[in-house]
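Written out below as structure tokens is the structure these notes cover.
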Protein chains: 2
Amino acid sequence: MANIREIAKLAGVSVSTVSRVLNNHPYVNEKKRAEILKIIEEQNYVQNSNAVHLSTGKTMVIGVTLPLVNNQYYSSIIEGIAAEAARHHYKLMVCQTNNNPEQERSVLHLLKNKKIDGLIMCSRSSSCETLNEYAGYGPIITCEANDTTSVSSVHIDHYQTFLIGMEYLIKKEHRRIGYCIGRKNSFNSQHRKRAYYEKLRSIDVTPSPEWAFEECLTIQDGKNVVGKLLQTEERPTAMIVSCNHIAAGIIKEASRLGLSVPEDLAVIGCDDQPIGELLEITTVSSSSTLMGKYAFEMLHERIWTQQLDGKKEEKELSPVLVERLTT
Amino acid sequence: MANIREIAKLAGVSVSTVSRVLNNHPYVNEKKRAEILKIIEEQNYVQNSNAVHLSTGKTMVIGVTLPLVNNQYYSSIIEGIAAEAARHHYKLMVCQTNNNPEQERSVLHLLKNKKIDGLIMCSRSSSCETLNEYAGYGPIITCEANDTTSVSSVHIDHYQTFLIGMEYLIKKEHRRIGYCIGRKNSFNSQHRKRAYYEKLRSIDVTPSPEWAFEECLTIQDGKNVVGKLLQTEERPTAMIVSCNHIAAGIIKEASRLGLSVPEDLAVIGCDDQPIGELLEITTVSSSSTLMGKYAFEMLHERIWTQQLDGKKEEKELSPVLVERLTT
DNA sequence: GCTTGCTCTGAAAAGCGTTCCACACATTAT
DNA sequence: ATAATGTGTGGAACGCTTTTCAGAGCAAGC
């Protein structure tokens, strides 16, 4: 297929002029512009974007990492990112990392070798050093709090979220409260647990290890929780659960095993997934779509101001209690 | 940052030799190779992928279009694509099109300007001509049946799916059966409707227009169906629904309004979304993840054999009935 | 001893568009 | 009338890597 040199030759002008036409530069004689456009049309010419990228040093692509693609929480974040990115003519490279630092590093690498202009990490498992290292090659935003010095973030205040949930349960006279979270040692989990333990301490309840469920990632994990709960000595009367999917598993299994919700077991979820609405699950919700939007905005600004050394910024989303039928 | 020329100069060799090292070409003296690798390491050098792409004419990126990112059905397809793509070192550019032909065209364009090596369209709204036109620039696979001459597809046999569902409902003695589908005129919908009408005709039932619900896309749309059902003269005793999300909406709303499922209203869904399992919805299921996997395989083969003019291929996935509690 | 066939290396072309600089010409301002 | 500003255009450098081709040197085979 034709290239810009060929178009220039056919139009009897220089490549510079053709390039100006392609980029809507004003300093081109209107008659010539029309002529050139006609030839471009005839030749069915389009720029080779790889040449453009090489030349400009930008790709108009941003990377997005997430542990797994098929998950509503991450999908909602991406939805927010995608809408905002589209407005600014950016494309998204969505990379599933399976929470594997190796795979994550390969995505960070895209920043170094200039395949992407910036990166949003919906979750990350790389070390702080790795992140700081790659932050030198292009802007990175995480959608979790992070402990680096240079990587900004937009995140839900998970401490606050669990706090609100716990306060609500306590107000409803629950004292034996269990929790259910995903990855045991993630940043998010640490904040959630801190709120959980602080709140229980504030009402002088000593939490039993039997009330704690970690590494709950699937609906089935949620279901399994109920079986274990039934075997505990002092069964919790309420569970605070990091996500509504798991909460749904708990609720379904509970009613299958004859526990009524919320009478025998109250359940409160902690996200804004639609399954929560469908199953009428009480939840402490923040909009993950909005988080995605903010993440893109922050990234975009950094891409344009090139502030690789810019100071770290943290934006926190405050959760809201949505009272429904499971508490 | 350093480029290949600089590395060559530092190592006292030509750029060709450095390039050979970078690409693991065998014909390089081992001592030199080690030396060059050391310098690459020291200089923290990596290839500029845009230059590589320009030179090789490949980007190792494939595009994926879908109407909206935040949807379990499409997410499962992407999951299948992503896993397979990762195995072959391809990255995914995920593009939300909102079922808008304009936006879809902008993605097809990526093929023309060489930003992607191939394209999987999880859904499409472009015309057949448009698709055929762009198929000349690179391989395209659709995850729906399509009526083009050149674009291959992997798809669920929606006709068969509805057929199985209808036969099952009829075997359960239902005669007044309604249906609920998404986009009114999509290829998929046409096949579904054909099965629906054929089956009803085979038992001499004249379908009422009141039993037909189209453009059902959200859970809320599903809920709305129930309200309308209650106002019909001859209420259907069963609904066949194109997706489990909508089915879930119907089921929830039905029980809220005092209709018991399946006694007053049987509901059968038609996909493999996890909400079906959670809510124990009977469903006619095909694995959308598997579909994604097949789509990538097919695309990958086409990318490597370059058969732009290859004959059209169609792979159909056969559905399976999963009997649960809503029928 | 001569031919074949490897192994290894470098020069140069090919892939393609953007942008800076210089220059020409035309206006407008002083 | 002269300086200053704006419009329009081309040449050439720049961004960077891959790949083809040509050739040198060396070993094995006949």
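Collect the residues in the stretch B:9-26 that are open to solvent by 80 Å² or more (accessible area, probe 1.4 Å), within 11 Å of DNA strand C (Cβ to nearest atom) and over 43 Å from the mean Cα position of the chain (by Cα), keeping them in residue-number order. Let's see the steps before the verdict.
As a first pass, look at the stretch B:9-26 and keep what is open to solvent by 80 Å² or more (accessible area, probe 1.4 Å): B:9-10, B:20, B:23-24, B:26.
Filter once more, keeping what is within 11 Å of DNA strand C (Cβ to nearest atom): B:9, B:20, B:26.
The answer is B:K9, and nothing else.
Give the number of residues within the stretch B:43-55 that are without any contact (Cβ under 8 Å) to a residue 60 or more places away in the chain, facing another protein chain (nearest Cβ under 9 Å) and not in a loop (DSSP other than H, G, I, E, B).
Looking only at that region, the number is 6.
Output the number of residues of the stretch A:27-36 satisfying the condition of being open to solvent by 90 Å² or more (accessible area, probe 1.4 Å) and more than 13 Å from DNA strand C (Cβ to nearest atom).
Let us first name the residues in the stretch A:27-36 that are open to solvent by 90 Å² or more (accessible area, probe 1.4 Å), namely A:27, A:29-32.
Add one more test, that the residue is more than 13 Å from DNA strand C (Cβ to nearest atom), and what stays is A:30-32.
Adding up the residues that qualify gives 3.
For the stretch A:9-42, how many residues are of a type outside the set (S, T, Y), within 11 Å of DNA strand D (Cβ to nearest atom) and not in a helix (DSSP H, G or I)?
6
Which ones in the stretch B:146-194 are under 19 Å from B:E314 (Cα atoms) and free of Cβ contacts under 8 Å to residues at least 24 places away in the same chain? Walk me through it before giving the result.
Filtering the stretch B:146-194 for residues under 19 Å from B:E314 (Cα atoms) gives B:146-161, B:186-192.
Across the stretch B:146-194, the qualifying residue is only B:Q190.
Quick check on the stretch A:221-237: of everything there that is among the acidic types (D, E) and open to solvent by 80 Å² or more (accessible area, probe 1.4 Å), which residue is farthest from A:V267 (Cα to Cα)? Working first, answer last.
Filtering the stretch A:221-237 for residues among the acidic types (D, E) gives A:221, A:233-234.
Subsequent filtering for residues that are open to solvent by 80 Å² or more (accessible area, probe 1.4 Å) retains A:233-234.
Numbers: A:E233: 19, A:E234: 17 Å.
Among residues in the stretch A:221-237 that are among the acidic types (D, E) and open to solvent by 80 Å² or more (accessible area, probe 1.4 Å), the one farthest from A:V267 (Cα to Cα) is A:E233.
Take A:E316 and decide whether it is away from every other protein chain (no Cβ under 14 Å) and open to solvent by 20 Å² or more (accessible area, probe 1.4 Å).
Values: away from every other protein chain (no Cβ under 14 Å): yes; open to solvent by 20 Å² or more (accessible area, probe 1.4 Å): yes.
Yes, satisfied.
Restricting to the stretch B:176-220, count the residues that are in contact with a helix residue (DSSP H, G or I) (Cβ under 8 Å, 6 or more places away or on another chain), farther than 23 Å from B:S125 by Cα, in a loop (DSSP other than H, G, I, E, B) and open to solvent by less than 50 Å² (accessible area, probe 1.4 Å).
2
Just the residues that are more than 9 Å from DNA strand D (Cβ to nearest atom) and either hydroxyl-bearing (S, T, Y) or open to solvent by 20 Å² or more (accessible area, probe 1.4 Å) (or both), please, taken from the stretch B:43-62.
Matches in the stretch B:43-62: B:Q43, B:N44, B:T59, B:M60.
Of everything in the stretch B:44-59, what is over 18 Å from B:S16 (Cα atoms) and either among the basic types (K, R) or more than 16 Å from DNA strand C (Cβ to nearest atom) (or both)? Give them in sequence order.
B:N44, B:K58 - these are the residues of the stretch B:44-59 that are over 18 Å from B:S16 (Cα atoms) and either among the basic types (K, R) or more than 16 Å from DNA strand C (Cβ to nearest atom) (or both).
Filter the helices (runs of 4 or more DSSP H) completely within the stretch B:223-319 down to those with at least 3 residues that are under 25 Å from B:M121 (Cβ atoms) and either in the same structural domain as B:G138 (by TED's automatic domain parsing) or free of Cβ contacts under 8 Å to residues at least 40 places away in the same chain (or both). Before the answer, list the steps.
Numbers: elements: B:244-256, B:274-278, B:288-305.
The helices (runs of 4 or more DSSP H) meeting that bar are B:288-305.
Taking the conditions exactly as written (at the interface with chain A (Cβ under 7 Å from one of its Cβ atoms) and farther than 21 Å from B:S153 by Cβ), does B:A82 satisfy them or not?
Details: at the interface with chain A (Cβ under 7 Å from one of its Cβ atoms): yes; farther than 21 Å from B:S153 by Cβ: no.
So B:A82 does not fit the description; no.
Among the residues of the stretch B:75-94, is any on the phi > 0 side of the Ramachandran plot, within 13 Å of DNA strand D (Cβ to nearest atom) and not charged (D, E, K, R)?
Our first condition is that a residue be on the phi > 0 side of the Ramachandran plot; within the stretch B:75-94, this holds for B:89.
With the extra rule that they be within 13 Å of DNA strand D (Cβ to nearest atom), the set shrinks to none.
Within the stretch B:75-94, not a single residue is on the phi > 0 side of the Ramachandran plot, within 13 Å of DNA strand D (Cβ to nearest atom) and not charged (D, E, K, R).
May I ask you to list the residues in the stretch B:69-79 that are facing chain A (nearest Cβ under 7 Å) and not polar (S, T, N, Q)?
Residues satisfying the conditions are B:V69, B:I78, B:E79.
Does B:E6 qualify as being surrounded by fewer than 20 Cβ atoms within 10 Å (Cβ to Cβ) and either within 16 Å of DNA strand D (Cβ to nearest atom) or over 21 Å from A:V107 (Cα atoms) (or both)? Break it down stepwise before answering.
Working: surrounded by fewer than 20 Cβ atoms within 10 Å (Cβ to Cβ): yes; either within 16 Å of DNA strand D (Cβ to nearest atom) or over 21 Å from A:V107 (Cα atoms) (or both): yes.
When the stated conditions are applied, B:E6 passes them.
The values are calculated or read from the model by the stated rules, or taken from the named source; none is laboratory data. Just so you know, these numbers come straight off a predicted model, no measurement behind them. Quick reminder, even Gly has a Cβ in these numbers, built from the backbone with ideal geometry, and neighbours come from all protein chains shown. Accessible surface areas use protein heavy atoms only, side chains included; no ligands, DNA or RNA. Shrake-Rupley method; radii C 1.70, N 1.55, O 1.52, S 1.80 Å.
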